[in-house]
Amino acid sequence: MSRPTCGDAPIFRLRLFRGRRHTPASGGTRLHIREDPFSAFPLVTGPWTHFHSVPPAGFEPAHTASGGGLPSRHRRRPRGCAEKHLQTYTDPRGPGAFRTYDWQGDPERLSQLGCLAPALLSVRIGYKQVVPLFHPDGPGAEVLHSMEAVLANEACATADFLDVTLDPLMGPWSLVDRALVATGEAGGTGLPDFKAVAVTKILHRKRPNLVPIFDSSIYQFYLGQKPVPGAYKDTPRRLWPLLQADLRRHQGWIQNLIVPIRTPDERPLSLLRAADIIIWGHTASGCAA
């Protein structure tokens, strides 16, 4: 199960009954589920008991607002398939990269081989992109230093994407943003073919609760269009607030879904990784068609 490259794929959009109440066949608490036009998930009022027993409704195709920018309220949403995609991808005998990419290694160190990890998620990355990172100086060395700064920062070690202020000038997130900017501006030129997709897929393994994966499919899922090739600065900045707000709103039930899932090295699966897996699986499997 390989993944598209710089045009990787997105997440959920679980939309269930629009503004209707659902009472489980077995009785119990009624859930009020209403559609949120800017959310990948339904808004659920009431306890999160037996959520996946709620029959899903259809979902609408994505549309981009006139002139680009944010999509209209009619955007693709999966049909309650989140659990299925998580099970498929994390199956130890499955074709996904879970047992390779999601093995963290030393969380405080970026190794030469670790910088090739995005290839496991189908990023076109090889020696031409990684060797310059380990030069004694130059743009590559600056980019590596900016990524290492994220690992060296104590606040980044415990920071959570859902809680941070997305300020490029201060706080833990500023170091993540700085690493993304460096890929296009280090040494005045940046690094060719090594931008936000590669950096986030490298850093996510080491800081899975702080650094979300920048993926073209997730970007298209939330903004209704693919990102420009070589995105590294303003383009990712448009995605982060939408992703953060959506995951904040639905953290509870997603967390409930991933409680039993452990990474190959026995860590809890992060909310950010779960979102990436579900959105990608939803589009790659064809159930978004």
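Give the number of residues within segment 112-123 that are surrounded by fewer than 16 Cβ atoms within 10 Å (Cβ to Cβ) and modelled with pLDDT under 95.
0
Going by what's in this entry, would Leu191 be described as closer than 19 Å to Arg124 by Cβ and in contact (Cβ under 8 Å) with a residue 40 or more places away in the chain?
In short, yes.
Kindly check whether there is at least one residue in segment 263-270 that is aliphatic (A, V, I, L, M), closer than 20 Å to His204 by Cα and in contact with a helix residue (DSSP H, G or I) (Cβ under 6 Å, 6 or more places away or on another chain).
Among the residues of segment 263-270, at least one is aliphatic (A, V, I, L, M), closer than 20 Å to His204 by Cα and in contact with a helix residue (DSSP H, G or I) (Cβ under 6 Å, 6 or more places away or on another chain), which makes the answer yes.
Specify the residue that is modelled with the lowest pLDDT; the eligible residues are those in segment 228-283 that are assigned to a helix (DSSP H, G or I) and within 18 Å of Pro92 (Cβ to Cβ).
Gly281
Condition test on Ala155, is it over 21 Å from Ser111 (Cα atoms), among the small types (Gly, Ala, Ser), touching a helix residue (DSSP H, G or I) at 6+ places or on another chain (Cβ under 8 Å) and without any contact (Cβ under 8 Å) to a residue 40 or more places away in the chain?
Here the answer is yes, as Ala155 does meet what is asked.
Hey, could you check segment 269-286 for residues that are over 16 Å from Pro212 (Cβ atoms) and under 16 Å from the mean Cα position of the chain (by Cα) and say which is surrounded by the most Cβ atoms within 10 Å (Cβ to Cβ)?
The qualifying residue surrounded by the most Cβ atoms within 10 Å (Cβ to Cβ) is His282.
Taking the residues in segment 87-105 that are touching a Gly at 6+ places or on another chain (Cβ under 8 Å) and either closer than 14 Å to Ala274 by Cβ or not small (Gly, Ala, Ser) (or both) as candidates, determine which candidate is surrounded by the most Cβ atoms within 10 Å (Cβ to Cβ).
Among residues in segment 87-105 that are touching a Gly at 6+ places or on another chain (Cβ under 8 Å) and either closer than 14 Å to Ala274 by Cβ or not small (Gly, Ala, Ser) (or both), the one surrounded by the most Cβ atoms within 10 Å (Cβ to Cβ) is Tyr89.
Somewhere in segment 198-218, is a residue farther than 18 Å from Leu121 by Cβ and part of a helix (DSSP H, G or I)?
no
Can you pull out the residues in segment 128-159 that are of a type outside the set (A, V, I, L, M, F, W, C) and outside any loop (DSSP other than H, G, I, E, B)?
Lys128, Gln129, Pro132, Pro139, Gly140, Glu142, His145, Ser146, Glu148, Glu154, Thr158
Let me spell it out: the conditions are (1) assigned to a loop (DSSP other than H, G, I, E, B); (2) more than 19 Å from Ile213 (Cβ to Cβ), and Ile125 meets all of them except one. Which number is the exception?
Every listed condition holds for Ile125 apart from (2).
In the list Val211, Val181, which residue meets the criterion of being touching a residue at least 40 places away in the same chain (Cβ under 8 Å) and surrounded by 23 or more Cβ atoms within 10 Å (Cβ to Cβ)?
Val211
Yes or no: segment 160-174 includes at least one residue that is under 17 Å from the mean Cα position of the chain (by Cα), among the acidic types (Asp, Glu), surrounded by 23 or more Cβ atoms within 10 Å (Cβ to Cβ) and not in a helix (DSSP H, G or I).
no
The values are calculated or read from the model by the stated rules, or taken from the named source; none is laboratory data. Every value quoted in this text rests on a predicted model; they were computed, and no experiment measured them. No Cβ is skipped: glycine too gets one built from the backbone with ideal geometry, and neighbour counts run over all protein chains shown.
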